[in-house]
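First the structure, in the form of structure tokens, and then the observations on it.
Throughout, read-outs are computed from the coordinates displayed, never taken from laboratory work. Because the structure is a prediction, the values reported are computed rather than measured. Reconstructed Cβ throughout: ideal geometry from the backbone, glycine too, with neighbour counts over all protein chains shown.
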Amino acid sequence: MKRLAPLLLIPSLPFAHEPIFGLGPGTIFKGGIGIETEYERGDGEEGIATEVLYGITEDLSVTFRSFTTATEISSVALRLKYRLWKRYMPGRIDAFSLIGGVLRDVEGRETRGLFGVAVGMESRRWYFFADARTAGRIFLDGAVGIRPWLTEYLKPDLVLLSELNYELEGDYRAFFVSPAFFFTYRNVAIKGGVQIPAYRSEKAKNMGVRSRTAFSVEVHF
């Protein structure tokens, strides 16, 4: 069940500079719609992911995602995110969210549930995120981000991220260091990153786990 892996769990989050390979606590505004097209490559497979995000309320969003290879739809996913707690301060927001969903490997005819939590802090200069989740495999992620240039509202904006990602399932273990970026201009976001293996168990090596790449363009309405 190769596709039920970190790339399938990549979040799409509007107007929030969040991890590329982990999950953050952000949600879209009520009635908001986000559409994302993403190129993904990793573990011997590559393709295009299409994601549609809708804000049911300010604190509850739903995401539908499909991944298509050159020949077929490989996997689909439906995910809910509920922002359980938030705190606004001048130039800063803290949040904590619950995540739940269903992942379906179309080719392998296997379905798994997704459950997790995510916490984050976003400020004018710094970003901190952490999450823990399971979809059969356990994922633990942490990220630090910085905005090197403080731009004015509605101006082009760049955030640089450094992520740490850990995966565990029985004898399978893998640890990644992941540089990434998030560039936004008004309602358009361009983001991408590379997961670089820092450690792989023998089982992970035998499964062909190596560097993974993600690059996407996202628009919100």
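Side notes on the structure shown:
- Over the chain: helical MRE at 222 nm, DSSP H runs n ≥ 4 each giving -39500 (n - 2.57), nearest 500: -500 deg cm²/dmol
- Rounded to the nearest 20, the size of the Cβ-charge dipole of the range 6-220 about its Cα centre is 520 debye, with Lys and Arg at +1 and Asp and Glu at -1.
- Partner lysines whose Cα lies under 18 Å from the Cα of Lys191, excluding those fewer than 8 positions away in the same chain, are identified as Lys155.
- In this structure, the amide hydrogen of Glu107, modeled 1.01 Å from its nitrogen in the peptide plane, lies closer than 5 angstrom to no residue at least 5 positions away or on a different chain.
- Structure-derived semi-axes √(5λ) of the Cα gyration tensor in Å - corresponding label in (1) 27, 23, 18; (2) 34, 26, 13; (3) 27, 19, 17: (3)
- Residues Ile73 and Phe181, FRET efficiency given R0 of 22 Å [Cβ-Cβ distance, rounded to 0.05]: 0.15
- Eligible lysines near Lys81 by straight Cα distance, threshold 19 Å, same-chain separation 8 or greater: Lys30
- Per-residue ³J(HN,Hα) for the range 107-121, Karplus 6.51 cos²θ - 1.76 cosθ + 1.60, θ = phi - 60°, Hz, x for Gly and Pro: 5, x, 6, 10, 10, 10, x, 10, 9, x, 9, 9, 10, x, 10
- Taking Cβ atoms as reference points and 15 Å as the exclusive limit, the residues near Phe183 contribute a net charge of -1, counting Lys and Arg as +1 and Asp and Glu as -1.
- Fully extended contour minus Cα-Cα distance, from Lys30 to Thr50, at 0.36 nm per residue: 5.1 nm
- Whole-Hz ³J(HN,Hα) from phi, Karplus 6.51 cos²θ - 1.76 cosθ + 1.60, for the range 137-147, glycine and proline x: 7, 8, 10, 10, 9, x, 8, 10, x, 9, 9
- Residue-wise HN-Hα coupling along the range 30-36, computed from phi with Karplus coefficients 6.51, -1.76, 1.60 (Hz; x: Gly, Pro): 4, x, x, 10, x, 10, 10
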